[in-house]
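The values are calculated or read from the model by the stated rules, or taken from the named source; none is laboratory data. All figures in this text were calculated on a predicted structure; none of them were measured in a lab. Here the Cβ positions follow ideal geometry from the backbone for every residue, glycine too, while neighbour counts run over all protein chains shown. Just the protein is used for accessible areas: all its heavy atoms, side chains included, with ligands, DNA and RNA removed. Shrake-Rupley method; radii C 1.70, N 1.55, O 1.52, S 1.80 Å.
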4 protein chains.
Amino acid sequence: MGEVKPVEPWREIAARVSNWGRWGSTDERGTLNFITPEVVAHAATLARTGKVFATAIPFDETGPQDGRIRTNPMRYMRETGHSDQGYKGVFRYADDVVFMALQSATQWDALAHVHYDGKLFNGFSSETIDEKGAQYGAITNLNPGVVSRGVLIDVARHHKVDWLEKGYAISPEELDEVVANQKTVIRSGDVILIRTGWRNRYTHDFDKAAFKSGEPGLSVRCLDWLAKHEVAAVGSDNYAVEVVPPEYSDQDLPFHLIAIRDMGMPLAEILDLESLAADCEEDGIYEFLFVGAPLPFTRGVGSPVNPIAIK
Amino acid sequence: MGEVKPVEPWREIAARVSNWGRWGSTDERGTLNFITPEVVAHAATLARTGKVFATAIPFDETGPQDGRIRTNPMRYMRETGHSDQGYKGVFRYADDVVFMALQSATQWDALAHVHYDGKLFNGFSSETIDEKGAQYGAITNLNPGVVSRGVLIDVARHHKVDWLEKGYAISPEELDEVVANQKTVIRSGDVILIRTGWRNRYTHDFDKAAFKSGEPGLSVRCLDWLAKHEVAAVGSDNYAVEVVPPEYSDQDLPFHLIAIRDMGMPLAEILDLESLAADCEEDGIYEFLFVGAPLPFTRGVGSPVNPIAIK
Amino acid sequence: MGEVKPVEPWREIAARVSNWGRWGSTDERGTLNFITPEVVAHAATLARTGKVFATAIPFDETGPQDGRIRTNPMRYMRETGHSDQGYKGVFRYADDVVFMALQSATQWDALAHVHYDGKLFNGFSSETIDEKGAQYGAITNLNPGVVSRGVLIDVARHHKVDWLEKGYAISPEELDEVVANQKTVIRSGDVILIRTGWRNRYTHDFDKAAFKSGEPGLSVRCLDWLAKHEVAAVGSDNYAVEVVPPEYSDQDLPFHLIAIRDMGMPLAEILDLESLAADCEEDGIYEFLFVGAPLPFTRGVGSPVNPIAIK
Amino acid sequence: MGEVKPVEPWREIAARVSNWGRWGSTDERGTLNFITPEVVAHAATLARTGKVFATAIPFDETGPQDGRIRTNPMRYMRETGHSDQGYKGVFRYADDVVFMALQSATQWDALAHVHYDGKLFNGFSSETIDEKGAQYGAITNLNPGVVSRGVLIDVARHHKVDWLEKGYAISPEELDEVVANQKTVIRSGDVILIRTGWRNRYTHDFDKAAFKSGEPGLSVRCLDWLAKHEVAAVGSDNYAVEVVPPEYSDQDLPFHLIAIRDMGMPLAEILDLESLAADCEEDGIYEFLFVGAPLPFTRGVGSPVNPIAIK
């Protein structure tokens, strides 16, 4: 458990789990294709008692961005309404603006977010990304929103720790163990939320450098598991879903490469799963209706999101 | 129908429908309090066949903002991944940033968005809004997301027009008529979506000036109707929910003042209801599970949103 | 005067006035090379009485941008200092941020701003521009600032009009006439400021659409004149220096193409020359020390600037 | 030399050097009033050989901002011109935008930048600063640009060090010593540039945290010296002109408070004085024509600037 097994070359995994062509040569939705209307209808039945959980972190300067690659969202007031605004009568309004990287807080990665060997998911050329954004695999392909059954896999709780340590690689065997222990099963089209406790670790001291210096996360060996279970999307409370440092000495972010570019699977990052996890622990129910609606930025390669779990 | 009845002074309506103190002196959620877990659980049962509809407009330069007050979201690429980015191996990524007014596209108005006579909803002083944002009634109070039963009231379709005309005031009698015709009822905690066709009019020619020059929308007389039905929130495919020019010669945006500041009701604006409306017309079912999750901008007074309807 | 003479094909002018290779194959400064230390030293002698004129327009929402291509600078307060900011003692500060297109107000065009046939000035490939900016011809090449003799050529005043009309093409013969009338001469290394009155026209009614709908400006026939006089840079009180609509039915902005890309001449646009012009008219002296210091945005293709004239 | 003398209470210094009312009750220019046309005309005579030096740092991510209070300027391409842009003919253009704090790189502090006891310079209420900016003491009051005699006081070179250490307080006696050693004198209206070497220290290792952790700079005791010499403005190669940590245990940034708010003196910060200093050392001439032109952001409290020295 947590023991690092030898990993095979990542390109072999990539070849095996690739979904290129699976839904046609023009497909830009990848594993979201697993979410059929039947999957959605079933997922809605999991909203039994009407408890609702939001999993976005606060969009403010307490976020984990340290400014080296991205900054936290920067919001400013355009109007407060403290002086006359030119309206007839007593109407006054406040209004604000934001400058932010689309992936600076809780976020969806679009399929066009990552590429290698000159190709995006489904073989689209990475040259189709230019200063205007992505022609293929843009965030708008996540519309009409990622609505499906969600399953929380609380790995940190399983190990009875507040958080897993940086560099801890979660194995597929461990996922099976946690899922079994949680008395749930994984179904085709599920959105899997992995709780590593890394967000919990961050809010312990708000050390931005520590948050970004590495993280516990999924092993590349989990990619076969995700493929086998026909998982539609994965989210986590860390910043990259996968374990960092990576399991290869010569390849950064291999899980990203394979999940997004070969499998066509959107990733949700920097989630706050604490309230949801506390409730799941309490009632023993780890499944729910998941709604993660991206903002449809035309040609965007990511989007902030506030994923909602309804139990 | 559409005939303008004499309207009483707006302050009389405001006094009658005010919810100040109704949920305690510290309440910042207003009419969202109508959404109980039971309401949510029932709403989820409306997601019967798994059809999902997103109602955000495209977040790009085709939006209706003309730059005089707000601009459309401006997104730029920070990275395309066409040259080395310093990662080990073949990892390349694309990334983008946005500058936008939080209310420039499909959006939630927070309760702190509007004030008059120096007061926000529930009597909080408008002085509590400063350059850092709102201390009370901020958008974060819409968390954990507005999840409830949604009802589309398709007024334009009822009148068999592509869109209602600018200045057309939708009356409460008309709402009753449309609802009855749609064979639905309004329940406590509902989120009401009013289709005026104004978005449809806009995409007809993308005339930004025309979109903002006035609009069809709810009469202030509908506020009693909303109060009576204990509606939790209202959205519309126009920019202000309410009819413009207003029904008073000396008061702009009276519906905003009363709905947001006196009733404590969040408004959703600039929705695209076309796909949802087409489906409702086809299957005759105008109710659904509504999920409208704001981005939790700390102290923000609005948020972009992609409201989701699940049938 | 103002009569439109037949213009030869623009590519013939381009070939004739090209400075590619003139200052070596790696040159990125173009006509700024005309500004030698001797030119600067002489220019400084023109600052005789110590009158100083700033020629930037106000950087605010009254600017001419209508939001279709660019918006006016959008500035927001980050701090006002009205509440405790965490400093010891009584220190309080105000601070602001801006979002702006670098060419939205008074500005320098870098040589990398314009290209055609896949080439920038001096033959650099336009492919060297990517999402990070320009590798060659960036705005930083205007450092250590454009400091030289400045000459105002007040064409509007010469014609005794408040402003020249849209589409009015200023001819080289006319430039000679105005210069002679102003009793000045043009010297190698000069920065020429052309007053068309178009800014004056704009502040008359602040009609953004009118400002951008076309403009009086230099004829492409002036390019030979600029080359002959070894002018270092040209600025104007319109938005593109050159006449719009252009003198060719099949080529937009031909003056830009030739001046920037073939000659290597930076252009300054959207100047406010009113105060300077009034003073020149009064004392009859149209020459001065000109200082136009760009902000050195690494790889930037333009920069806001507040050009200073010292008499 | 560098020895810390006991400092009197800062409010006593403030009272003594205050310029409130000196140029009338409506004055918003403060010590810039020392710059008369005669001062400018004389300053221009210092531009003898035509050498020009720009003192702005590169406006890019190599700047010293670490994102905690401000970020370095963030520039993005809006257009590259690699695909059709809708113009007739072969015209293609590149264009960029920036998001930045106005004081994130080389900058002017406006008089409205700092306040205490509810007052700005000349007694204006700090309440006149709101979310729209400053009504009094805004950056536009630095127009038509700060043009005057500049004098470099190279304290680091005087001590034959690459840079002074953090916390080193430059004394007025030391200023006299350096000035005498440089064989120059200070005149009314001068702009003084203090070289501490702190920029040099920064570019040695680009350690943002080290740059902001404290700095060598002027002692509050220099304020009398600046007043006596009728200095118009002071700039430095550090981030706050003054020594940090401050000379008082209970008051941060006392020099800022007195210089800006009591004397009405604009400060220029984060200059790169290395090239200028090298030249001054070489030719032994430490005076020049100084031109520091702010961008006239209406109601702004600061401005990026590229100050120019002409010798």
When restricted to A:ARG92, A:ARG157, the only residue facing another protein chain (nearest Cβ under 7 Å), open to solvent by 20 Å² or more (accessible area, probe 1.4 Å) and at pLDDT 95 or above is A:ARG92
Test for B:VAL178: is it part of a loop (DSSP other than H, G, I, E, B) and not acidic (Asp, Glu) = no
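Collect the residues in segment B:20-49 that are at positive phi and either in a loop (DSSP other than H, G, I, E, B) or within 14 Å of chain C (Cβ to nearest Cβ) (or both), keeping them in residue-number order.
So in segment B:20-49, the residues at positive phi come out as B:21, B:24, B:30.
The answer is B:GLY21, B:GLY24.
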Got a sec? Which of A:GLY264, A:GLY284, A:GLY300 is under 25 Å from A:CYS222 (Cα atoms) and open to solvent by less than 10 Å² (accessible area, probe 1.4 Å)?
-> A:GLY264
May I ask you to list pairs of residues, at least six apart or on different chains, whose Cβ atoms are under 6 Å apart, with the first in segment C:31-45 being over 20 Å from C:PRO266 (Cα atoms) and the second being among the hydrophobic types (A, V, I, L, M, F, W, C) and in a loop (DSSP other than H, G, I, E, B)?
-> C:ALA44/D:ALA47
Name every residue in segment D:181-200 that is surrounded by 18 or more Cβ atoms within 10 Å (Cβ to Cβ) and in a helix (DSSP H, G or I), in order of residue number.
-> D:TRP198, D:ARG199, D:ASN200
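With modelled with pLDDT of 95 or more and more than 26 Å from B:GLY137 (Cβ to Cβ) as the only criterion, which of B:THR31, B:THR26, B:THR36, B:THR49 stands out?
Details: B:THR31 fails: more than 26 Å from B:GLY137 (Cβ to Cβ); B:THR26 fails: more than 26 Å from B:GLY137 (Cβ to Cβ); B:THR36 fails: more than 26 Å from B:GLY137 (Cβ to Cβ).
Step by step, each of B:THR31, B:THR26, B:THR36, B:THR49 is checked, and only B:THR49 is modelled with pLDDT of 95 or more and more than 26 Å from B:GLY137 (Cβ to Cβ).
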C:VAL52: passes all of (1) among the aliphatic types (A, V, I, L, M); (2) open to solvent by less than 10 Å² (accessible area, probe 1.4 Å); (3) away from chain B (no Cβ under 14 Å) but (2)
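Let's see how each residue does on (1) part of a helix (DSSP H, G or I); (2) crowded, with 24+ Cβ neighbours inside 10 Å; (3) in contact with a helix residue (DSSP H, G or I) (Cβ under 6 Å, 6 or more places away or on another chain); (4) among the β-branched types (Val, Ile, Thr):
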position	(1), (2), (3), (4)
C:ASN72	no, no, no, no
C:SER83	no, no, no, no
C:GLY86	no, no, no, no
C:ASP96	no, yes, no, no
C:PHE99	no, no, no, no
C:GLN103	no, yes, no, no
C:ASN122	yes, yes, no, no
C:THR140	yes, no, no, yes
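Evaluate the following for A:ALA112: is it within 7 Å of another protein chain (Cβ to nearest Cβ) and in a helix (DSSP H, G or I)? Lay out the reasoning, then the answer.
On the way: within 7 Å of another protein chain (Cβ to nearest Cβ): yes; in a helix (DSSP H, G or I): yes.
Judged against the criteria, A:ALA112 is a match.
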Quick check, is D:ALA112 open to solvent by less than 10 Å² (accessible area, probe 1.4 Å), of a type in the set (A, V, I, L, M, F, W, C), on the phi < 0 side of the Ramachandran plot and within 21 Å of the chain's Cα centre (by Cα)?
-> yes
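So if I check each of A:SER104, A:SER148, A:SER126, which one is at the interface with chain B (Cβ under 7 Å from one of its Cβ atoms) and either in contact (Cβ under 8 Å) with a residue 12 or more places away in the chain or within 22 Å of A:ALA240 (Cα to Cα) (or both)?
On the way: A:SER104 fails: at the interface with chain B (Cβ under 7 Å from one of its Cβ atoms); A:SER148 fails: at the interface with chain B (Cβ under 7 Å from one of its Cβ atoms).
Testing whether each residue is at the interface with chain B (Cβ under 7 Å from one of its Cβ atoms) and either in contact (Cβ under 8 Å) with a residue 12 or more places away in the chain or within 22 Å of A:ALA240 (Cα to Cα) (or both) leaves just A:SER126.
So which residues in segment C:151-163 are among the basic types (Lys, Arg) and either in a helix (DSSP H, G or I) or touching a residue at least 60 places away in the same chain (Cβ under 8 Å) (or both), if there are any at all?
The first filter runs over segment C:151-163 and keeps only residues among the basic types (Lys, Arg), leaving C:157, C:160.
If the condition is that a residue be among the basic types (Lys, Arg) and either in a helix (DSSP H, G or I) or touching a residue at least 60 places away in the same chain (Cβ under 8 Å) (or both), then C:ARG157 is the only one that fits.
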Residues of segment C:267-281 satisfying the condition of being open to solvent by less than 10 Å² (accessible area, probe 1.4 Å) and within 17 Å of C:ALA47 (Cα to Cα) | C:LEU276, C:ALA277, C:CYS280
Would you check which residues across segment B:138-170 are in contact with a Phe, Trp or Tyr (Cβ under 9 Å, 6 or more places away or on another chain), farther than 22 Å from B:TRP108 by Cα and among the small types (Gly, Ala, Ser) and list them?
-> B:ALA156
So A:ASP117, is it without any contact (Cβ under 8 Å) to a residue 40 or more places away in the chain, more than 7 Å from chain B (Cβ to nearest Cβ) and either aliphatic (A, V, I, L, M) or farther than 30 Å from A:VAL179 by Cα (or both) | no
What are the pairs, 6+ residues apart or on separate chains, where a residue within segment A:57-78 that is among the acidic types (Asp, Glu) has its Cβ under 8 Å from a residue that is open to solvent by less than 30 Å² (accessible area, probe 1.4 Å) and assigned to a loop (DSSP other than H, G, I, E, B)?
-> A:ASP60/A:ASN72; A:ASP60/A:PRO73; A:GLU61/A:ASN72
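Of everything in segment A:55-70 that's within 14 Å of chain D (Cβ to nearest Cβ) and under 26 Å from B:TYR87 (Cβ atoms), which residue is most open to solvent (accessible area, probe 1.4 Å)? Steps first, answer last, please.
In the first step, residues of segment A:55-70 are kept if they are within 14 Å of chain D (Cβ to nearest Cβ); the result is A:60-70.
Among the residues that remain, those that are also under 26 Å from B:TYR87 (Cβ atoms) are: A:63-70.
Details: A:GLY63: 2, A:PRO64: 0, A:GLN65: 8, A:ASP66: 35, A:GLY67: 35, A:ARG68: 177, A:ILE69: 82, A:ARG70: 36 Å².
This residue is A:ARG68.
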Mind listing whichever residues of segment A:210-260 are among the acidic types (Asp, Glu) and in contact with a Leu (Cβ under 7 Å, 6 or more places away or on another chain)?
-> A:ASP237, A:GLU242
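Touching a residue at least 24 places away in the same chain (Cβ under 8 Å) and surrounded by fewer than 22 Cβ atoms within 10 Å (Cβ to Cβ): is that true of B:GLY21 in this structure?
Working: touching a residue at least 24 places away in the same chain (Cβ under 8 Å): yes; surrounded by fewer than 22 Cβ atoms within 10 Å (Cβ to Cβ): yes.
The answer is yes for B:GLY21.
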